[in-house]
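Input: a single structure, listed below in structure tokens.
The values are calculated or read from the model by the stated rules, or taken from the named source; none is laboratory data. The structure displayed is predicted, hence computed values, not measured ones. Cβ placement follows ideal geometry from the backbone for every residue including glycine, while neighbour counts extend to all protein chains displayed.
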Protein chains: 2
Amino acid sequence: MNGAESLLTTLVNNNIDVCFTNPGTSEMHFVAALDEVEGMRCILCLFEGVLSGAADGYARMARRPASTLLHLGPGLGNALANIHNAKKGHVPMVNIVGDHATYHLQYDAPLTADIEGIAGPVSHWVHTSAAAGEIARDAAEAVRQAGIGQVATLMLPADVSWGDNPGGAEPAVAVAPPAEVAAFRVKEALALLKSGEKCMIMIGGREVDSQRGLMLSRIGKAAGVRICTEVFPGRVARGAGTAVIDRLPYLAELAIDHIKDIENLVLVGAAPPVSFFAYPNVPSAIAAPNCRQFVLAGPNDDIDQALEDLLEQLDAVDAKPDVHPLTIPDLGAGPLDAGKVALAVAHYLPENAIVVDESITSGFALFPATATAQPHDWLNLTGGSIGWGLPAAVGAAVACPERKVICLEGDGSAMYTIQSLWTMAREHLDVTVVIFNNTKYSVLEMEFARTGARGGKPGPNAASVLDIGGPDMDFVAIATGMGVEATRATTAEEFNEQFAAAISATGPRLIDAIVPTLL
Amino acid sequence: MNGAESLLTTLVNNNIDVCFTNPGTSEMHFVAALDEVEGMRCILCLFEGVLSGAADGYARMARRPASTLLHLGPGLGNALANIHNAKKGHVPMVNIVGDHATYHLQYDAPLTADIEGIAGPVSHWVHTSAAAGEIARDAAEAVRQAGIGQVATLMLPADVSWGDNPGGAEPAVAVAPPAEVAAFRVKEALALLKSGEKCMIMIGGREVDSQRGLMLSRIGKAAGVRICTEVFPGRVARGAGTAVIDRLPYLAELAIDHIKDIENLVLVGAAPPVSFFAYPNVPSAIAAPNCRQFVLAGPNDDIDQALEDLLEQLDAVDAKPDVHPLTIPDLGAGPLDAGKVALAVAHYLPENAIVVDESITSGFALFPATATAQPHDWLNLTGGSIGWGLPAAVGAAVACPERKVICLEGDGSAMYTIQSLWTMAREHLDVTVVIFNNTKYSVLEMEFARTGARGGKPGPNAASVLDIGGPDMDFVAIATGMGVEATRATTAEEFNEQFAAAISATGPRLIDAIVPTLL
């Protein structure tokens, strides 16, 4: 078999059987191998920012990496922002980046670039295969690296792809299990929890699933300490029957206030909390200066084991956790606003739904409104780079075809990777997209004020670059143009009806929700 | 004034008075400064790939750089592909990339990234300002670097932006003129031209303007040598009254044949020609193995001086160049195809139009059809990364508001940076966009065959990722959704009428030209 076939087979042997792609000439032997090797589902995206975000959403829901196939340095560049988001969220990913043939690089053809240089800042592991005989082993190593929660980026020169690999594919490799959390760390955490000082456990990392949430609640009750997630954990189980767990606010000013009394902060998968951005006269660190921050477990450590150990030592294995009841809010009426969208989402949310949230300012009401809705998973933007939501919804829907995906999107964020809609239509993905169409980068109006620039009041030039109306986006037209059925709602009644219809149907739908800014 | 104001003022003092942007929180003080400093036109784009391509198109037409304002590493990543294209085309650009406050970086907030690492592979010059007192001087250096045909990328930490700069702005700086071409090089080139051996001059680089073309034609006639442009020069003056100059074919097989007899290749602004990609059993170098390749002038050298020197020494200053007559082709009729689109474009092309060409396979007929049309400028994709055309048309229209811009786009390329349409509408740019809607990555079907993968015949899986139909894009709906008036043409008669109407109107129009693949 050739290098590309040995690479593909190695990936499939390792249960990496989805490839989100937009290939080019240098990847044609990989593309050809799709018909020689069985078992790889290849999903075309019309822009690389879509496919990297899809690989993120997929891996969060499938709990195993997808692969991507990218075309040279610029293709990787296009994918970069959503690879960044995945990296920050500890989401595994295997990127295959085609390069020119090794002997062709010296000629500096137009598409030649320092691909490793571009890949480095958004990857944990970067490697260029030097020969067809090495690509399968390199792919196996990429799988190993991704397997421990990392972004692995492997460059595949064209001649490595088309050259003969007599050694063939590699079998399934052993991926390292999450690192054990040492007993002394558990002991130290326990001491902090029992110290009598004000203590909080902050959970973060890839996922807070239902069981993990319940364990945390038991620990919190038994030890009499607060439990809180970081601002944007990658995936959280929420709704009826899940544990009542607080969330650290996004705004540094509120977050600082939220934990100002905490003397011991025990971090589980979470990093020490910091402000998203720096602002004049606002501290970067969120915890109080006298707060001790103790890392019980990193995001790739065995968090469940650490929590189980804590539970046992607190004798709280059978403690009754605080869980959310099932309480479905009533629907709103009258002119539409983000709050009424939130009510409808919570009202109609089907059991086991996946919510992808990139609603930014319009989403302030969504999180509380859905806390007691049907049980669901909630995905957050982990790296702060917008244009993630629609792609992540693509990936989540590919990973979980039997679950309804609800994608809650700001209008500005949606336009970053709007091409996602086409892949939703082509693959008939069961995604309901809600666009909060307020014709603003509303978050930036808020941030402008927070930075104190120009006394917090944008002048006309500044205001013009925070505003995305004039012309206003017509998302019904845009979605229809990419094959996705779409409707517009300007009243709560319209939204309620359209959302209910979308939920009861199968396949992609988009609702262009015309809402005022919340701020 | 603060750092941001001193930066903005320095740019304006240096005649950099357009900024294409999509800012974020870390750039808010720069945004605020837009209302404190006069003279900077700030143009919002809904995605960074649009704004970097716009900066490229602007600089080619204005013959001076635009600035960009980008949000952190991911914003730069989104802009990367079109910065790559600009770099490969020797197009000057000044990128300002906001970063976290210097003291905030240690906290590794979600949007923290190695921005210099991302910038390096696509920039000639990279620098991070360390303090507000340094930003104006750093900006002046960026202007100097861009002034010699380079991409300069300057990182602006938020505290550098908001901090006080008591030194204020820098005045206009002296930009180095193009480097003189030494007399001995001209002498050597002359010797080659007069050697009696088969000789060709290949011209490339930023621009082949009308005068440069005429000089080359005179030289060619006087010396009895062929003149040829590289495959994709950045900007070429074409049409009636311009010199008859050959173009090197894109396909390596044809290009090799095109210059197989050439014994001396004199390069003027062009690099030694190479195949775009490597293919099994096709040489990477285009020139024959025994061909001597001599660089008379690099892309940033004083090409005109070198050509004038050659002309004088050939005693050909007054030689009569070969120029294209004005010959307007007749319009086509019947079912629409790419050839009939080419006839209509050539027929209606207004004098002094700017043609932005990213039509890929559908464009094969365009270049010859327009050779004798009204005089116009033609912009090519210089770096091979698609998604450049629509953005470049934005920038060209901003640079030359009195000229009609015709943007000829493949459907696949258009979808990469489709958000460009919104900026065309917002700024009421005089751009007529023609989408060649053939529902294929047609070039990849060709390239698949050329690579010889799977005997040149894609299987069903491969075919599915080369096909962008199902659903077919409706560009009329997509454009309308972003505020651009649009129509669809399926016959030559429809296209002719719609194109004529678009040309006679002012402001953005899009024609969704439904065409079969040419291949």
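Residues in region B:263-302 that are outside any strand (DSSP E or B) and among the acidic types (Asp, Glu): how many?
So the answer is 2.
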- Message: Looking at (1) part of a helix (DSSP H, G or I); (2) without any contact (Cβ under 8 Å) to a residue 12 or more places away in the chain, which one does A:Asp35 not meet, given that it meets all the others?
- Response: (1)
- Query: Is there any pair linking a residue in region A:1-27 that is more than 12 Å from every other protein chain (Cβ to nearest Cβ) and in a helix (DSSP H, G or I) to one that is surrounded by fewer than 24 Cβ atoms within 10 Å (Cβ to Cβ) and of a type in the set (Asp, Glu), with Cβ under 7 Å and at least six apart or on different chains, and which?
  - Reply: A:Thr10/A:Glu170; A:Asn13/A:Glu170
- Restricting attention to region B:425-451, which residues are in contact with a Lys or Arg (Cβ under 9 Å, 6 or more places away or on another chain) and in contact (Cβ under 8 Å) with a residue 12 or more places away in the chain? B:Asp430, B:Val431, B:Thr432, B:Val433, B:Asn437, B:Phe448
- Item | Residue selected from region B:91-121 under the condition among the β-branched types (Val, Ile, Thr) and closer than 25 Å to A:Pro233 by Cα, by the criterion surrounded by the fewest Cβ atoms within 10 Å (Cβ to Cβ) | B:Thr112
- Within region B:502-514, residues touching a helix residue (DSSP H, G or I) at 6+ places or on another chain (Cβ under 6 Å) and surrounded by fewer than 24 Cβ atoms within 10 Å (Cβ to Cβ) come out as B:Ile503, B:Arg509
- Message: Testing A:Arg60 on (1) surrounded by fewer than 24 Cβ atoms within 10 Å (Cβ to Cβ); (2) basic (Lys, Arg); (3) more than 10 Å from chain B (Cβ to nearest Cβ), one condition comes back false. Which one is that?
- Response: (1)
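Kindly indicate whether any position in region A:493-500 is surrounded by fewer than 21 Cβ atoms within 10 Å (Cβ to Cβ), in a helix (DSSP H, G or I) and free of Cβ contacts under 8 Å to residues at least 40 places away in the same chain.
Yes: one or more hits.
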- Message: Just checking, does region A:166-174 include any residue being of a type in the set (Val, Ile, Thr), assigned by TED's automatic domain parsing to the domain that holds A:Leu8 and farther than 30 Å from B:Pro280 by Cα?
- Response: no
- Task: Working only within region B:441-451, note down all residues that are more than 7 Å from chain A (Cβ to nearest Cβ) and over 27 Å from B:Thr490 (Cα atoms).
- Result: B:Ala449, B:Arg450
- Message: Can you say whether B:Thr327 is assigned by TED's automatic domain parsing to the domain that holds B:Val398 and either polar (S, T, N, Q) or touching a strand residue (DSSP E or B) at 6+ places or on another chain (Cβ under 6 Å) (or both), as far as the supplied structure shows?
- Response: no
- Note on the structure: Of the listed residues (B:Arg450, B:Arg454), the one being at positive phi and charged (D, E, K, R) is B:Arg454
- Hey, could you check region A:122-138 for residues that are in contact (Cβ under 8 Å) with a residue 40 or more places away in the chain and under 21 Å from A:Lys88 (Cα atoms) and say which is surrounded by the fewest Cβ atoms within 10 Å (Cβ to Cβ)? A:Ser123
- Query: If A:Ala342 satisfies every condition in (1) among the hydrophobic types (A, V, I, L, M, F, W, C); (2) in a loop (DSSP other than H, G, I, E, B); (3) farther than 30 Å from A:Pro92 by Cα; (4) modelled with pLDDT of 95 or more but one, which is the exception?
  - Reply: (2)
- Of (1) over 25 Å from A:Gly220 (Cβ atoms); (2) in the same structural domain as A:Asn438 (by TED's automatic domain parsing), A:Pro368 fails just (1)
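In region B:376-426, which residue that is acidic (Asp, Glu) and under 13 Å from B:Ala353 (Cα atoms) is farthest from the other protein chains (Cβ to nearest Cβ)?
Selected residue: B:Glu402.
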- Task: Keeping to region A:477-486, report how many residues are without any contact (Cβ under 8 Å) to a residue 40 or more places away in the chain and either at the interface with another protein chain (Cβ under 7 Å from one of its Cβ atoms) or crowded, with 20+ Cβ neighbours inside 10 Å (or both).
- Result: 4
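Between A:Glu48, A:Glu27, A:Glu38, which is acidic (Asp, Glu) and farther than 24 Å from B:Ala278 by Cβ?
Details: A:Glu48 fails: farther than 24 Å from B:Ala278 by Cβ; A:Glu27 fails: farther than 24 Å from B:Ala278 by Cβ.
So the residue among A:Glu48, A:Glu27, A:Glu38 that is acidic (Asp, Glu) and farther than 24 Å from B:Ala278 by Cβ is A:Glu38.
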- Task: Collect the residues in region B:149-193 that are within 14 Å of chain A (Cβ to nearest Cβ) and of a type outside the set (Phe, Trp, Tyr), keeping them in residue-number order.
- Result: B:Val151, B:Thr153, B:Met155, B:Leu156, B:Pro157, B:Ala158, B:Asp159, B:Val160, B:Ser161, B:Gly163, B:Asp164
- Hey, any hits in region A:445-452 for a residue that's hydrophobic (A, V, I, L, M, F, W, C) and under 24 Å from B:Glu38 (Cα atoms)? yes
- Task: Examine region A:329-337 for a residue that is closer than 29 Å to A:Gly205 by Cβ and either surrounded by fewer than 18 Cβ atoms within 10 Å (Cβ to Cβ) or touching a Cys at 6+ places or on another chain (Cβ under 9 Å) (or both), and state whether such a residue exists.
- Result: no
- Query: Filtering region B:80-101 down to residues that are over 25 Å from A:Tyr107 (Cα atoms) and at the interface with another protein chain (Cβ under 9 Å from one of its Cβ atoms), which residue is nearest to the chain's Cα centre (by Cα)?
  - Reply: B:His100
- Item | Residues satisfying the stated conditions in region A:424-467, i.e. over 29 Å from A:Ile503 (Cα atoms) and part of a loop (DSSP other than H, G, I, E, B) | A:Gly452, A:Lys457, A:Pro458, A:Gly459
- Task: Filter region A:139-152 down to residues that are over 15 Å from A:Lys87 (Cβ atoms) and buried (at least 24 other Cβ atoms within 10 Å of the Cβ), then give me how many there are.
- Result: 2
- Query: What number goes with the only condition from (1) in contact with an Asp or Glu (Cβ under 9 Å, 6 or more places away or on another chain); (2) outside any loop (DSSP other than H, G, I, E, B) that A:Leu307 does not pass?
  - Reply: (1)
- Message: Just to be sure I understand the filter: pairs with C-beta atoms under 9 Å, separated by 6 or more residues or on different chains, first member in region A:452-470 and more than 7 Å from every other protein chain (Cβ to nearest Cβ) and touching a residue at least 60 places away in the same chain (Cβ under 8 Å), second member aromatic (Phe, Trp, Tyr) and crowded, with 16+ Cβ neighbours inside 10 Å. Which pairs pass?
- Response: A:Gly452/A:Tyr279; A:Gly452/B:Trp162
- Task: Just give me the residues in region B:233-252 being in contact with a helix residue (DSSP H, G or I) (Cβ under 9 Å, 6 or more places away or on another chain) and within 14 Å of chain A (Cβ to nearest Cβ), in sequence order.
- Result: B:Gly234, B:Leu248, B:Leu251, B:Ala252
- From A:Pro283, A:Pro325, A:Pro289, grab the single residue that is without any contact (Cβ under 8 Å) to a residue 24 or more places away in the chain and over 24 Å from A:Arg206 (Cβ atoms). A:Pro289
